[in-house]
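Okay, so here's the structure we're looking at.
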Amino acid sequence: MKIGILSKRTGNFTGKMKNYFEEKGLKVKIYTYKNLVLNDSLLENDFYILKSKKLFFLYAGYYLEAHNIPVIPHTEISFQNKNRIEAHFLLKQAGLLSPQIILGTAKTLKKHLKHSDFPLILKPLMSSGSKGIKIINSLKQINAQEEEVLYLEKIIVGTHYLAYFIGDDICVFEKKPFENEHANVKEIELPNDIKNILIKWKEKYNLLFGHLDMVREDNTGKLFIVDPGTFPEFSNWNCENDAVSLVCNQILNHFKRTKNTIKNNK
Amino acid sequence: MVKIGIIIDKYHLENKVTEFLKYLNTVAEVSLYVEESYFLNYSDLKFDEDLFFVKAKGDLVLSLAKLIERETSIPLINCSKGIWLAFNRFLNSLLLKKAGIPVPDFSLNPIGVLPLFENFIIKNIRDQKNYTFNPKVEERNGNIKVSDERALMEVKGGKEHYEYLYYQEFIKSKWEYKVYSIGENLYFYKQLPILVNPDKMKSRKKIDEIQELREYALLAVKTIDLKIASMDFLQSSEGNFYLTDINSSPNFNYIKDGPKIIGDYLINQAKK
């Protein structure tokens, strides 16, 4: 069996997955920006793992699926997680809360926002995680080129959590606000409401693994999802089983199930 | 009176819809949602329009379109998915090819890696902004290489800094065929290719329907999910047609009575 991995890097979680699969006797090729060409040469592998949600890896995913090569996780769900507007609707459709969204050019925002609307958080429209985000406390901090559309979210004041899931395994941590997945975190006992949210999310979109960043609002105790993700690095995962083997087995089992379904339908 | 909301950007409002709005205002109640001045607050929205018409493709426009689609039952022309696919060249080429519509060979390559076909045109990957095609032609050893200024800008810098180029096989054609689609109705024109004469309107003429182009055009708008579109076709020396571009926001002023045809179509499609 030949596996392709679409990833920005060859090391880290991607490198570990490659080693794991190769130890099982499988052939693995990693496609990064350096060697990814979107043409028929990609069709040599049996299936692909979409590790990165950057535009060209998403294009590769769409290309492969159009040629009936399975991509895990699915390209469309990965794209929807990456685009903040799409992610908002994914969460809403799953019955989960997410922060209020505001869009406009700098000039329009300055005209309509009031002092009481701050603080807000500025995020790139196509992004996930904490990359490129900025806290905006006043109108003076809103600056952009004339035609640029800015995406802002209402800040939820409360306790921030990082919640990972791989199959039925769940790891939840308390983390500092607006820090990325790799920052220091504090493991906590799994609260029931967080567990229920993860199950709801996973089942609604048939996800094998992923993460949700969430905030429990101080005033209401409600949980808001501030950042969903299809393929984290699992750098803080410290559950009993190792994240790499759990993820790789989820992927292999899913591929076998998909293959059998296709065979049975023929 | 039917209420029509127009979701538009400043460029189209100032340059492309004067006649259309003049007509539409006589038959409908029109409200404008302009990208550069609209404050989009997802938690505070009320719409009473019977239909929205989208005449732009920027980020705020798409976000508003998605919101209307998900939160209301108001018809939207074109839908957000169709607009998104139309400006993503690689994705629409992929879907059109899969649907059986002949498109020129295409690939997305990292800078420095040439495509497998010898004659090619480098186009911008995302045709989302309002600027015109600015071609540079190189002819070497009998091969033609055309690049678009916008594509090179995408790669060299600016906000959309990519490390990839979109290559489309170059089809040498005597004429460029332009098909406008408004609902089920198609309008056929031909003109000299823009590389031969940059003033495309100078040589443009209305032509009789070409059955083959009709079939491809109807299948293309169905595949990309567009109600209003324009499509460019080239014809190879063997006589085969290839769909080279699809546009979700065509300039309908080029069709005779275009503004009225579009206006009447929108009223007909409005929520009953």
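Would you mind getting me the FRET efficiency between residue B:184 and residue B:253? Use the beta-carbon distance for r and R0 = 22 Å, nearest 0.05.
Values: r = 21 Å, r/R0 = 0.97.
My answer for the efficiency is 0.55.
Measuring against 20 Å, Cα to Cα, the residue pairs B:174/B:202; A:8/A:200; B:178/B:227; A:114/A:134 contain A:8/A:200 as the ones spanning a longer distance.
May I ask you to list the residues of segment A:223-266 whose amide nitrogen lies under 12 Å from a point 7 Å from Cα along the Cα→beta-carbon direction of residue A:19? So the set is A:244-245. From a point 7 Å beyond the Cα of residue B:163 in the direction of its Cβ, which residues of segment A:28-61 have a backbone N at a distance under 11 Å? Counting only backbone N, you get A:32-36. Summing Lys and Arg as +1 and Asp and Glu as -1 over all other residues whose Cβ lies under 11 Å from the Cβ of residue B:230 gives a net charge of -1. Taking 0.36 nm per residue of separation and subtracting the Cα-Cα distance, full extension of the segment from residue A:146 to residue A:115 would add 9.0 nm. In degrees from 0 to 90, rounded to the nearest 10, what is the angle of the helix B:211-224 Cα long axis to the longest principal axis of chain B? Taking Cα atoms only, the helix is inclined about 60 degrees.
Sparse packing (at most 13 other Cβ atoms within 10 Å of the Cβ) combined with a DSSP loop state is found for the following GluC sites (Glu not before Pro) in segment A:161-214: A:189. Please build a GNM for chain B, connecting alpha carbons under 10 Å apart, and tell me which residue among B:148, B:127, B:199 fluctuates the most. Judging by the Gaussian network model, the answer is B:199. DSSP bridge analysis restricted to the protein assembly as shown gives an antiparallel fraction near 75%, rounded to the nearest 5. Reducing segment B:169-204 and segment B:26-72 to their Cα centroids gives an inter-centroid distance of 31 Å. Computed from point charges on the beta carbon alone (+1 for Lys and Arg, -1 for Asp and Glu), the dipole magnitude for segment A:220-266 about its Cα centre is near 560 Debye. In this structure, the amide hydrogen of residue B:79, modeled 1.01 Å from its nitrogen in the peptide plane, lies closer than 5 angstrom to those of B:227, counting only residues at least 5 positions away or on a different chain.
Positive contributions from Lys and Arg (+1) and negative ones from Asp and Glu (-1), summed over other residues with Cβ under 13 Å from the Cβ of residue B:100, come out at +1. Label sites at residue A:260 and residue A:169, each approximated as a point 7 angstrom past Cα along Cα to Cβ, lie 2.2 nm apart. Considering only A:6, A:42, A:25, the residue lying farthest towards the positive end of the dipole of segment A:1-60 is A:6, judged by Cα position with unit charges set on Cβ. Under the simplified labelling scheme, the residue A:12-residue A:245 pair shows an inter-label distance of 2.4 nm, with each label point 7 Å from Cα along Cα→Cβ.
Taking GluC sites (Glu not before Pro) as candidate sites, keep only those in a DSSP loop with at most 16 other Cβ atoms within 10 Å, then name the longest stretch of chain B containing none of them. Between exposed loop sites, the widest span is B:1-117. Between the beta carbons of residue B:27 and residue A:131, assuming R0 = 45 Å, the FRET efficiency works out to 0.40 to the nearest 0.05.
Let's test the formula: R0 of 30 Å, r as the Cβ-Cβ distance of residue A:199 and residue B:45. What FRET efficiency results, to the nearest 0.05? In this case the efficiency is close to 0.45. Suppose the Debye formula is applied to equal point scatterers at every Cα of chain B; what is log10 I(q)/I(0) at q = 0.09, 0.10, 0.13 Å⁻¹? Log10 I(q)/I(0), no solvent term: -0.43, -0.54, -0.90. Round to a whole angstrom and tell me the spacing of the C-alpha centers of segment B:102-125 and segment B:217-244. Value for the Cα centre distance between the two parts: 19 Å.
Could you pull out the GluC sites (Glu not before Pro) across segment A:56-164 that fall in loop regions by DSSP (anything but H, G, I, E, B) with no more than 15 other Cβ atoms inside 10 Å? Qualifying residues, ordered by number: A:146, A:148.
Near residue A:75: Cβ cut-off under 10 Å, other residues only, Lys/Arg at +1 and Asp/Glu at -1. The net charge is -1.
Of all beta bridges that DSSP places with both ends in chain B, some 70 percent have antiparallel geometry. Database remark: amide H of residue B:207 closer than 5 angstrom to the amide H of B:188, B:189, B:190 (H placed geometrically; neighbours at sequence offset of 5 or more, or on other chains; Pro and chain starts carry no H).
FYI, it's all coordinate maths here, none of it is from the lab. Given the structure is predicted, the values throughout are model-derived calculations rather than measurements. Cβ coordinates were reconstructed from backbone atoms using ideal geometry, including for glycine residues, and neighbour counts include every protein chain displayed.
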